[in-house]
Amino acid sequence: MKGRGKMIISPKDTITTPQTAVIVINFTLGTGILTLPRTSVEKVHTPDVWLTVILGGLIAMMAGIIMVKLSLQFPEKTVYQYSQEIIGKWGGSLLSLLIVGYFLTTSGFQIRSLTEVTKYLLLEGTPTWAIIMPFMWVGLYLIVGGINPITRLFEIVLPITVVIFLMVTFMSFKIFEVDNLRPVLGEGIIPILKGVKTTSLAYTGPEIMLLLVAFMKEPSKAVKATLGGIFMALIFYMITVVMVLGALSVDGVVTRTWPTLDLIRSFELTGLIFERFDSLLLVVWMMQMFTIFTMAHYAAALGLAQLFKKSIHPFIYGVIPIIYLISMTPKNINDVFKLGNMVGTLALFLFGLLPLPLLIVAKWRGGKQ
Amino acid sequence: MKMKRWKSKMRKIGNHANENENKQESASQDSTNQFSDEFILNLEVVRKEIGHNSDVHFREFIIGHTGIQASIIFVEGLSDKDLIDKHIMTSLMADFSIEYQQEQPDVKESLSNQFIKNQVLSISDVEEVHSIKELASKVLTGSTALLIDGLSHAFILGTTKLKTRTIEEPVSEALVRGPRVGFTESLSDNTSLLRGNGETENLSLVKFQVGKRSKKDLVVAYINEIVDPELVQEVEKRIKKIDVDNVPESGYVEQLIEDNYLSPFPQVQNTERPDRVMAALMEGRVAILLDGTPFALIAPVTFSMMLQSPEDYYERWIPGTFIRFLRYIAVVLALFTPAVYIAFISFHPGMIPTKLAISIIGTKSGVPFPALIEALFMEIAIEILREAGLRLPKPIGPAMGIVGGLIIGEAAVQAGIVSPILVIVVALTAISSFSIPQYSVGITLRILRFAAMLCAAILGLYGVVLFFLFMMSHLVKLKSFGVPYMSPAVPYRLSEWKDLMVRMPLMMMKRRPKMMHTKDPLRKG
């Protein structure tokens, strides 16, 4: 068993601490940027949503720390390998399969919501498969290279995202009104708590640490990397929610499917070469979706490879049809969001509730030995 | 059965006969390959070996007043005739008799080769050879052979005179500020240019021979105290693997040692500038110089190196940074402008700012073609123009470019085949792609631009994004001699970003690039 881990993850495939943080940020930011203002306001109904976003981030940080601590108990092993050591062969395999299923569904869901946005704004009338397939091919080309090229691509995409995202959102200052964010805590704390589940689901992403710790050059810094990654995501979400709410108000947000995009589309800055920025935002958002999709795809293939103790390549190709089928299952946009909720619930169970008992069992067993 | 036996018998006989022939041949070869004591015979054998070449000259003469026959053999044009006349012929024919008569009264017996070598031939490069094959190959590369009656070997005298051109400013890499020195076709000139460029003690020049039939010298240069020994080993390993019969230019070497031949991106840098090579060596890279070409190779390279010019460092850091920024913008423009044009015009006209959209659509209304065809037409036209301008004689080339570009552009707009805004787009991409200092990267970008245009024509802006992701995926996977092609941009190395998009002041760049694993990480000074 011990040698096995090294065989699949070749010793050269290590990632640095900043790289880990970058993966966490990229894997966290996704559909949430476009939908979080709506989904959270739907639950909270007051302008205090930004507090909920912070709360969700804190919860995600806690979950992240637990998951990292769990992984640190088993150096150089991914969750697929050490879960069998904690809860036995069958239980571990079942859990691994569930996690693989989660990653498959995530990548299917992300690719489908990308397709929906693309069809809505860019390529009306283009068949869904024609949008999904090239995306998957490009992803496949990247994933075959292993974790290092994936990470390096993430590192290229992130700065582009940060620059363009900040530029575009701050352009909307023109229609920003502080009154839309008032009153603070007008209805007390209860509404804020109502939205916590939704906002913390927007932070699904740190679970990738269950695999990444095994790849890290300095696993001792894993906690730092995770917290840094989630913190960056928190800032992104805060900016999004505050700017969108400030411009569109609570009532305006609830009725829009993609409120962030509508915000960008709702203003024109005259006098610049570009007067409309939705295309720029879409471009960086697509890249973000690409990062989530590739990472989830890779994580699922890695899980199967380690479960069956085989080389990863056949599984990388093998899961493609599964992801494609998952992404084609939803019939309309509502089904897509339902799928998203399902993924969220699964994540809550797998990565919110389960890691703590696992950690306790692992510590207890380790202590006994 | 019978047939078979008969055949095998015949074969046996045949083999026998062959063996006999072989034996005879090898025996005769042995006898011809060695010198005999007979001067006339020797000369005859040499004549047989190379005498059929019209440019090989045999000059027979008598040494001084001794009556000893001798002959020199040399190739017209390859050997330095001045040298032969002054230091071989004169000393053997004229000077010889005087000195000799004074010291050695008895002529014939003491004509030792030591005497000839040490006292007569006033030439630095003298060598004895014992086989005729060796003599032939030396003579054919420019040496002069000296055969003397009574000696069972020959002297090879280094009289090679290569025709080289003078050192000129490199044509393909012009600079406003910087040394006006470029490599030439002569390897020895090029290595001496490197030696003369400063650091002479630690500069290692290791010689190899490449090419099976036409052997050429190749020199691997690196600085011993800096370079990573593993890199040198890897480069030498790849060079030793080269197995072709002729290597006419360093482009052959480049293509035979590169990491990924399917990639459109060059993974080895070529340059005509000694200063550029020296700067690369100082960063811990390895240079490869080939005889017969002014283009040296530098490995490993990164994408950012391709966008740098030595001038970035010669100018002060603020202009250096500014120009570097311009180049990065130029890369983006050269790659994506026509693609974005096609995407917006044919897929998302709603995303263009309203006023701009109105003016574009106004000018494009008469154009009968879809945006892709229109853009392809103009892009291909300008590529042909560029190629034509390159091949034409120097005085006509630029004129042709200007006239052709202006006339075609203007006429196409007048005729309503293309919209004026497209002409601007095409001109912009052309200028941008020419502003990239490395010619080979400019070509790569021009090719990829067509791929981007096709993607845009199929899937609009989404296609362009996919193309970008695909290209980036390729770039992050690509390596040049083990160094990731996109480093130091990714993985993040903040300390090396001082010399990436910006060029920070020289005193801030105290370290050599980490990715080169240099023995000595600090630049001195």
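The values are calculated or read from the model by the stated rules, or taken from the named source; none is laboratory data. All figures in this text were calculated on a predicted structure; none of them were measured in a lab. We place every Cβ from the backbone using ideal geometry, glycine too, and count neighbours over all the protein chains shown. These area figures cover heavy atoms from the full protein model, side chains too; ligands, DNA and RNA do not enter into them. Shrake-Rupley method; radii C 1.70, N 1.55, O 1.52, S 1.80 Å.
A few remarks follow.
To keep it simple, each residue is scored yes or no on (1) modelled with pLDDT under 90; (2) more than 14 Å from every other protein chain (Cβ to nearest Cβ).
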{"position": "A:ASP13", "(1), (2)": "yes, no"}
{"position": "A:THR31", "(1), (2)": "yes, yes"}
{"position": "A:GLY57", "(1), (2)": "no, yes"}
{"position": "A:SER71", "(1), (2)": "no, yes"}
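- In segment B:205-237, the residues that are out of contact with any Phe, Trp or Tyr (no Cβ under 8 Å at 6 or more places or on another chain), surrounded by fewer than 16 Cβ atoms within 10 Å (Cβ to Cβ) and among the charged types (D, E, K, R): B:LYS207, B:LYS212, B:ARG213, B:LYS215, B:GLU225, B:GLU230, B:LYS237
- Search result, residues across segment B:32-57 that are at pLDDT below 80, open to solvent by less than 80 Å² (accessible area, probe 1.4 Å) and over 42 Å from the mean Cα position of the chain (by Cα): B:SER36
- Of all the numbered requirements in (1) in contact with a Pro (Cβ under 6 Å, 6 or more places away or on another chain); (2) buried (at least 18 other Cβ atoms within 10 Å of the Cβ); (3) not aromatic (Phe, Trp, Tyr), B:VAL340 misses one, and that requirement is (1).
- When the helices (runs of 4 or more DSSP H) confined to segment A:250-369 are screened for residues that are closer than 30 Å to A:GLY145 by Cβ, those reaching at least 2 such residues are found at A:278-308, A:312-328, A:333-347.
- Candidate set from segment A:137-152 (those that are at the interface with chain B (Cβ under 8 Å from one of its Cβ atoms) and closer than 17 Å to A:VAL319 by Cα); member that is most open to solvent (accessible area, probe 1.4 Å): A:TYR141
- Flag if B:ASP245 is open to solvent by 70 Å² or more (accessible area, probe 1.4 Å) and either over 17 Å from the mean Cα position of the chain (by Cα) or not assigned by TED's automatic domain parsing to the domain that holds B:LEU445 (or both): yes
- Verdict on B:ILE447 being within 14 Å of chain A (Cβ to nearest Cβ), of a type in the set (A, V, I, L, M) and open to solvent by 60 Å² or more (accessible area, probe 1.4 Å): no
- A:MET289 being within 11 Å of chain B (Cβ to nearest Cβ) and either at pLDDT 85 or above or on the phi > 0 side of the Ramachandran plot (or both): yes
- Annotation note: of B:ALA357, B:ALA343, B:ALA371, the sole residue that is within 14 Å of chain A (Cβ to nearest Cβ), in contact with a helix residue (DSSP H, G or I) (Cβ under 8 Å, 6 or more places away or on another chain), hydrophobic (A, V, I, L, M, F, W, C) and in contact (Cβ under 8 Å) with a residue 40 or more places away in the chain is B:ALA343.
- One residue from B:GLY350, B:GLY366, B:GLY362, B:GLY320 being away from every other protein chain (no Cβ under 14 Å), part of a helix (DSSP H, G or I) and either open to solvent by 50 Å² or more (accessible area, probe 1.4 Å) or over 30 Å from B:ARG180 (Cα atoms) (or both): B:GLY362
- Meets criteria (of a type in the set (D, E, K, R), touching a residue at least 60 places away in the same chain (Cβ under 8 Å), open to solvent by 50 Å² or more (accessible area, probe 1.4 Å) and over 15 Å from B:GLU272 (Cα atoms)) for B:ARG177: yes
- Members of segment B:469-482 that are in contact (Cβ under 8 Å) with a residue 60 or more places away in the chain and either open to solvent by less than 10 Å² (accessible area, probe 1.4 Å) or within 18 Å of A:LEU280 (Cβ to Cβ) (or both): B:LEU475, B:LEU478, B:SER480
- The set of residues from segment A:115-136 being aliphatic (A, V, I, L, M), facing another protein chain (nearest Cβ under 9 Å) and either in contact (Cβ under 8 Å) with a residue 24 or more places away in the chain or under 28 Å from B:PRO488 (Cβ atoms) (or both) comprises A:LEU121, A:LEU122.
- Test result for B:LEU297, over 30 Å from B:LEU194 (Cα atoms) and either more than 14 Å from every other protein chain (Cβ to nearest Cβ) or among the hydroxyl-bearing types (Ser, Thr, Tyr) (or both): no
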